[in-house]
Structure formats: C-alpha cells, structure tokens
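Worksheet: one structure, shown below.
Coordinate-derived values only; no laboratory data. The shown structure was predicted, so the numbers you read here are calculated from the model rather than taken from an experiment. Neighbour counts are summed over all protein chains in view; Cβ atoms, including those assigned to glycine, are modelled from backbone coordinates with ideal geometry.
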Amino acid sequence: MTATEPPVLRTEELTIRFGGHVAVDRVSCAFDRGTLTAIVGPNGAGKTTYFNLISGQLRSTAGKVVLFGQDITGLTAPRRTRAGIGRAFQLTNLFPNLSVLENVRIAVQARHDTGLDIWSLATRRRELIELAEHHLARTGLLDKMDSVAAELPHGDQRKLEVAVLLALESEVLMFDEPTAGMSVDEVPVVLDLIHQIKADTAKTVLLVEHKMDVVRSLADRIIVLHNGALVADGAPEAVIASDVVQQAYLGTSSASGDGHG
C-alpha cells in the first residue's frame, strides 16, 4: 500500500448493544491493503461480534463500516460479500451435501454472475469448473473434488472454506479462529494457506485467533479488544510485550483456543 492510499476497510465508532450490555463499544479501526491484522482478547471480549458487524451477520446499534470509501453499514451480509468481504467462520459454512467441486463452482458462479444463456452454457460451465479446479489445486483438495463436503475431515473442510473464499475473489478475507478444532497435523496446512493469501499484497486479512503462536507467525499488527472496547493496537512485539495486555487480556487462557469472543 502506498502512503496516500486510503484504508481498504474501516470501522467508525462501531457499537452494538444487546439490551443493557454493550458487546462492541465505539470501535474505530482502519485496515490497509496488503496487511494481516490479528484481533485478540479474552473470551467475551467482543472479537467475533466485531467480525459479525463487519461482515453483516449483525446490524450495528451505532457507528459505520466503510469499505473502499463507501459506507456499507446498511448492506446485508450477501451484498457485503459481493462488495468484496469474504468470511470464514469458526464452524465451517459449507453446502454439506454437495461435492467439494460443487461448493467451489457455486462460489465461482456467484462471483462471475453467470446466467443461463443456452448458447454458451456448456462452454461457460467448463470454464467455471476449470476455475473451481484451480482453487482446489491451490488448497490441496483437487484429489478430493468428488467427495461430499460433509464427509471430509475437519481440516479439509476448513481448507475447502478457504477455497470458497478464494473463488469469491474477496479482497478482504476474515478468518474466525481458523485452527479451531484441528489436529496438530492439520494446523500447518491451513496456516500455510493463510500465509499464501497474506503474500498477495492486493488482499487485506483479518484474523481472530486465541493461539498466540499462530498470531506471532502471521500478524503484521495486533489489535486487542476487552469488554467490547479497543484497548491496544500496534506491532505484534510491542502489543504482546505490553504488561497490561499480558496480564489483563492475553494471559495463559489465550493459548487454549477454545473460547468465543
């Protein structure tokens, strides 16, 4: 990103209340192209709720979400996806009864908005399948393209979700605890995929993660939420070393990786 390029995504005083509880409290933050920002904090800090406000699963009580300079606060989650925000969930969000290939082909078709023109349908379908196969190859799933999504091991389901995000050609990619529920053997594969996405300087990546070793290996920047408020923002070394963050917000529970924010 150049010095004059505006942030790809920003939130302004973003807030949501559930009754008397303020789950996200006036969070203002900007995210630049070509960066990976980790969002950390204790259980219940508001991390996943903040994600849900950005991606449109929840509607804010106050504040704004701005993407590429446009206010998208009023857009639904599907319209935000079309605008360029891709979201991977803590629990996989796939079509469980469809094949691996069909899951990705549907995403490719949604991105390219293909109509049913009978004259070009056969050719176009072949092109969509080839694009889908390309994304499956990138994620190491090409040999499993005929498998039913629900029958994949958990780690492969997470890889498939990444393939779907790649197929949507999202410019902002959001990962909510991408290693949750994975075996030790599965974790490096998914982290390598995120490293590959991060290497694409046209992408902006947001990551909610409890495991601090994962955060250290991936993040250009860390922001810390506590009680819904933004309490720290900076380079990983400085934020992790901060006494107040160590004691109050990260602590030993941050390594468990099994909570919700």
Note to self: Using helices alone, I'd like the mean residue ellipticity at 222 nm for the chain: each DSSP H run of four-plus residues gives -39500 (n - 2.57), total over residue count, nearest 500.
What the structure shows: -10000 deg cm²/dmol
Note to self: Between 0 and 90 degrees, rounded to the nearest ten: what's the tilt of helix 154-167 against the longest Cα principal axis of the chain?
What the structure shows: 80
Margin query: Taking the number of other C-beta atoms within 10 Å as the exposure measure, put 126, 10, 216 in order starting with the fewest.
Written below: 126, 216, 10
Next item on the list: Kindly identify the stretch 1-41 as rounded, prolate or oblate by the Cα gyration tensor criterion: order the square roots of the eigenvalues as a ≥ b ≥ c, call it rounded if a/c is under 1.5, otherwise compare a/b with b/c, prolate if a/b is larger, else oblate.
Entry: prolate
Check: In degrees between 0 and 90, to the nearest 10, how far off the longest principal axis of the chain does helix 121-138 point, with axes built from Cα atoms?
Finding: 40
Notebook entry, point to check: Ranked by Cβ crowding within 10 angstrom, fewest neighbours first, how are 18, 175 ordered?
Noted result: 18, 175
Margin query: As I understand it, the value is the acute angle between the Cα axis of helix 187-199 and the longest principal axis of the Cα atoms of the chain; what does it come to in degrees, rounded to 10?
Written below: 90
Next item on the list: Going by C-beta contacts inside 10 Å, put 123, 73, 11 in order with the fewest on the left.
Entry: 123, 73, 11
Checklist line | the stretch 94-169: equivalent-ellipsoid semi-axes (sqrt of 5 x gyration tensor eigenvalues, Cα, Å) | finding: 22, 11, 11
